[in-house]
Structure formats: C-alpha cells, structure tokens
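The values are calculated or read from the model by the stated rules, or taken from the named source; none is laboratory data. Predicted model, so just to flag it, every value in this text is computed and none were measured. Neighbour counts are summed over all protein chains in view; Cβ atoms, including those assigned to glycine, are modelled from backbone coordinates with ideal geometry. In case anyone asks, the SASA skips ligands and DNA or RNA and just uses the protein heavy atoms, side chains included. Shrake-Rupley method; radii C 1.70, N 1.55, O 1.52, S 1.80 Å.
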Amino acid sequence: MTKPHVIVYSRPRCHLCDDAKQAILTAGCDDQFTLEEINIESDRELLRKYQYDIPVIVIDGVEAFRHKVNPDKFRELVQVKFAG
C-alpha cells in the first residue's frame, strides 16, 4: 500500500508555515505519510500562485489546508487515504 504524499508549499521565514509543519507533527501519524516541503520562491509559477496564501498543504494532489492546519483533521484525512 502506498502512503499518502503530503506537500507543504511554504517559504523561508514564514511563521504560519512553521505553525503548519508543527501541527502536522502534532497529528501523531508521521509514519503514515510521506512529506515533501516545497519552497515557493524556487519556482516563479508557484510564487505567483501561492505568494499570499501560504502555507498550502496538499494530500495526494488535493488541497487540504491553506494558512492553518488542524492536527485532528489532518490525521483524519491521512488515515482515510492510508486505509485506502
């Protein structure tokens, strides 16, 4: 079974991004997904798309959160996808 792939679109020195990453860790299911962090400043199109809306958290290609992550809801979404 493939684990859900979580992408955090963020940028350096973003306190909301740091808060979101902490919420993801707090969810207590880090063994049930793979995590990738993408700096939007590394890609002009990503910067244009997300400049004023970070962080954006995507689970298996579907936007799940924007600006703030609820750890309980994050765990629920990951476990539903992980269970398949």
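Data table
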{"item": "Count of residues meeting criterion [over 20 Å from ALA83 (Cβ atoms) and free of Cβ contacts under 8 Å to residues at least 24 places away in the same chain] in the range 22-46", "result": "6"}
{"item": "Scan of the range 47-78 for residues that are within 14 Å of THR34 (Cα to Cα) and touching a Leu at 6+ places or on another chain (Cβ under 6 Å), ordered by number", "result": "ILE59"}
{"item": "Subset of the range 34-55 (residues that are open to solvent by 20 Å² or more (accessible area, probe 1.4 Å) and either touching a strand residue (DSSP E or B) at 6+ places or on another chain (Cβ under 6 Å) or closer than 15 Å to ARG75 by Cβ (or both))", "result": "THR34, LEU35, GLU36, GLU37, ILE38, ASP53"}
{"item": "Count of the range 59-70 residues which are surrounded by fewer than 17 Cβ atoms within 10 Å (Cβ to Cβ) and of a type in the set (A, V, I, L, M)", "result": "1"}
{"item": "Residue that is most open to solvent (accessible area, probe 1.4 Å), among those in the range 13-25 that are out of contact with any strand residue (DSSP E or B) (no Cβ under 7 Å at 6 or more places or on another chain) and farther than 13 Å from VAL78 by Cα", "result": "ARG13"}
{"item": "Matching option when the condition is touching an Asp or Glu at 6+ places or on another chain (Cβ under 9 Å), in a strand (DSSP E or B) and at negative phi, among VAL6, VAL69", "result": "VAL6"}
{"item": "Test: VAL58 is in contact with a strand residue (DSSP E or B) (Cβ under 7 Å, 6 or more places away or on another chain), under 19 Å from VAL80 (Cα atoms), at pLDDT 95 or above and in a loop (DSSP other than H, G, I, E, B)", "result": "no"}
